[in-house]
Every structure is written in structure tokens, then in C-alpha cells.
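Data first, discussion second: the structure below is written as C-alpha cells.
The values are calculated or read from the model by the stated rules, or taken from the named source; none is laboratory data. Values in this document were obtained by computation on a predicted structure and should not be read as measured data. Here the Cβ is made from the backbone with ideal geometry for all residues, glycine too, and neighbour counts use every protein chain on show. When the accessible area is computed, the model is the full protein with side chains, heavy atoms only, and any ligands, DNA or RNA have been set aside. Shrake-Rupley method; radii C 1.70, N 1.55, O 1.52, S 1.80 Å.
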Amino acid sequence: AAKMKGRNTLVVFDEEIGTRVSTRLRRTHELSEAIRRGTLEVHYQPVFEAGGGPPVAAEALLRWRHPHLGLLPPSDFLELAEESGLIVPIGLWVLRRACADAVGWDRPLRVAVNLSVRQLNDLGLVDAVRKALSDSGLPARRLELEITESTLADRRIARRVLEALRALDVQLALDDFGTGFSSLSYLQHFGFDRLKIDRAFIQPLLQPGGQAMAMLRAVIGLARALKLQCTAEGIEDAFQLRALQELGCDAFQGYLLGRPLTNEAFNALLAAPEAVGA
Ligand code: C2E
Ligand code: MG
Ligand code: MG
Ligand code: MG
């Protein structure tokens, strides 16, 4: 009986794996058709500077409007996109969409586009960025490319690509700063313009004093010393915002100040006279 049971259990287990594999295959196939079907969207989250006023930038964030599952965040499909290589055409689509949308905005904000490791390890990226700029008419200085530390694992290729991108005059931001394992020398080595401090450092910031405050003071001090601009992401409450302002952070992003919006809703926010934030 034990043997039987063992065998049955094995069969059930196999079926589960089979189901998971076929769901993945189906999802990958659906994703491969998403650009053509027009089910991908780019939403925009505003970024503010201290002292009030309208947003100075927006981060382009990918969404997938799945026919049955609804509006999906990147955590639901980015891994599939990376593994299948679909992230390359999808990333290109996001880049071109974001440049075109930004040109249509009521204010000349920067638009920040996230890049994946696959895109960064391909020298074709540089031509793609150049073409997205010239086709849309977006000035290069208004495009910022966000790169995570883990993306820089292959230093040699990344360095060549980043140098070529800098030569185009686009801005470079190191995203999710503090979550990777890069040495400080990375920051100068790759010539970033901006650090984005990861939400993990902002979340614990809930009261004066304490370790969270000390860590942020050090990170912001570091950015200053290296003459890098500094954006805090994931600001959800007023205490966090006030503390980051006092610590001298340059720019602020988070649900407290504005959630990601469709392009139409984002531009309506920009056009409204009361579009003042922080
Ligand atoms: P990220 O680049 O660090 O983007 C910030 C994420 O934090 C976004 O999640 C944003 O919606 C979320 N966020 C902003 N403010 C708050 C807040 O106050 N509280 C909380 N809890 N979250 C906040 P989202 O849109 O789900 O994107 C997740 C990640 O997916 C991004 O992290 C980025 O790494 C990746 N991603 C998004 N769009 C693209 C894309 O077009 N290409 C690539 N390669 N990656 C993308
Ligand atoms: Mg980002
Ligand atoms: Mg980030
Ligand atoms: Mg993050």
C-alpha cells in the first residue's frame, strides 16, 4: 500500500508540474502576442522635487492588460519575459511608447525608462535609443534610463553600452540602490547621474532618530559626495517625506505623492493648474 501510495503521489506531483509548465507556456505565448494585440500599457508615476511645484519627471512602468486576468503588474510577468527573451522587444516597445508619450505632455518633464539586463548586454540598444529619440523628437536630456545594480554584473559590456548611451546625452540612474551588492566604485566607474534609493530603506523610516534615519543620512551623504542626484522611491507617509527633505534628498516618488497613472490620466494631472505636489 505504501508503495502504491508512493506511486500515486508521484503521479499527482507530475501532473502538478505539468499544469504549471503548460500555464507558463500559455502565458509566454500570450505575452509574445501582447505587443501586436495592443494589450501592453505604460503607466506613469510622478517624481517631485522639494519646495512644491509640478512633477519634474515620471517613471514609465509596464502593465499588461490580460484578457482574462485583468491589469497585471510586472511582478506577474517580467520573469517570463526575461527568461523567454521577450523582454527585448517589449523593452523596446516601452522605450518608444514612453518617448512618444512624453513628447505629448503638457510640461517638458523627464521620462525614466527601466532597462533589463538583456537589453543592456546588447550593443543594439544604443541604436534603438538613438532611433526612439529621433523618431519621437524627444530631446535626449529628457530621457533617463534606470538600471539596477544586478544588471551591471557583466561589467565590460555594460560599461561600453553605458558609455555609448552617455554620449547620446541621455541620463543614467542606478535603480534600487542599496539592494544589490555593488561596491561604491561602481557609482563612479559607470558615470551615473542619479541614485534611486530603494523602498526597502524608506519603509522602516517611521520615527525620528533610529537606524533607518542614520542609514539614509549616510546614503544621501554619499550621493552628495559623488555629485549624484538622489531620488527616494516608495514614500508612503508624510513623516518619511519630511525626513527625506531634511536629509537633503533631491527628488521624491511614492504613493503619498502620486500613484502610477495611465498616460491620459497623467497628462490630465500635468495640465491641471493644481498639479503641485511635494
Ligand atoms: P522599480 O523600477 O523600482 O519601480 C518602482 C516600483 O515601486 C513600481 O512598481 C511602483 O509602482 C512601485 N511603487 C512606487 N511608489 C510606491 C509606494 O509608495 N509604495 C509601494 N509599495 N510601491 C511603490 P511596479 O510598477 O509594480 O514595477 C515593479 C518593477 O518592475 C520596477 O521596479 C522595475 O524594476 C520593473 N519594471 C517596471 N516596468 C518595467 C519595464 O518597462 N522594463 C523593465 N525591464 N522593468 C520594468
Ligand atoms: Mg525603476
Ligand atoms: Mg526602483
Ligand atoms: Mg524598487
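A few notes on this one:
- Ligands, DNA and RNA aside, Glu246 has an accessible area near 140 Å² when probed at 1.4 Å.
- Accessible area ranking (1.4 Å probe, heavy atoms, ligands and nucleic acids excluded), largest first, for His43, His68, His189: His68, His189, His43.
- 0 to 90° range, to nearest 10: angle between helix 124-136 axis and the chain longest Cα axis: 60 degrees
- Each semi-axis of the equivalent ellipsoid for the chain is √(5λ) with λ an eigenvalue of the Cα gyration tensor; in descending order they amount to 34, 24, 21 Å.
- Environment charge of Ala158, counting only residues whose C-beta is closer than 13 Å and scoring Lys/Arg +1, Asp/Glu -1: +2
- Exposure of Leu174 as accessible area (Å², to 10), given a probe of 1.4 Å and all protein chains: 0 Å²
- Anisotropy class of region 151-199 from Cα gyration tensor, a/c 1.5 cut: oblate
- Extents of region 9-154, taken as max minus min of Cα coordinates on every principal axis and listed largest first, are 62, 33, 30 Å.
- Accessible area per residue for the chain, computed on protein heavy atoms with a 1.4 Å probe, is 50 Å².
- Normalised contact order of region 126-244, rounded percent, pairs of Cα under 8 Å and 6 or more residues apart: 22 percent
- Shape of region 89-218, Cα gyration tensor, a/c cut at 1.5: oblate
- Charge context of Ala112, other residues only, Cβ under 12 angstrom, K/R +1, D/E -1: -2
- Normalised by the number of residues in the chain, the mean separation of alpha-carbon contacts (under 8 Å, six or more apart) gives a relative contact order of 20 percent.
- Sum of side-chain charges, Thr148 neighbourhood, beta-carbon under 11 Å (Lys, Arg +1; Asp, Glu -1): -4
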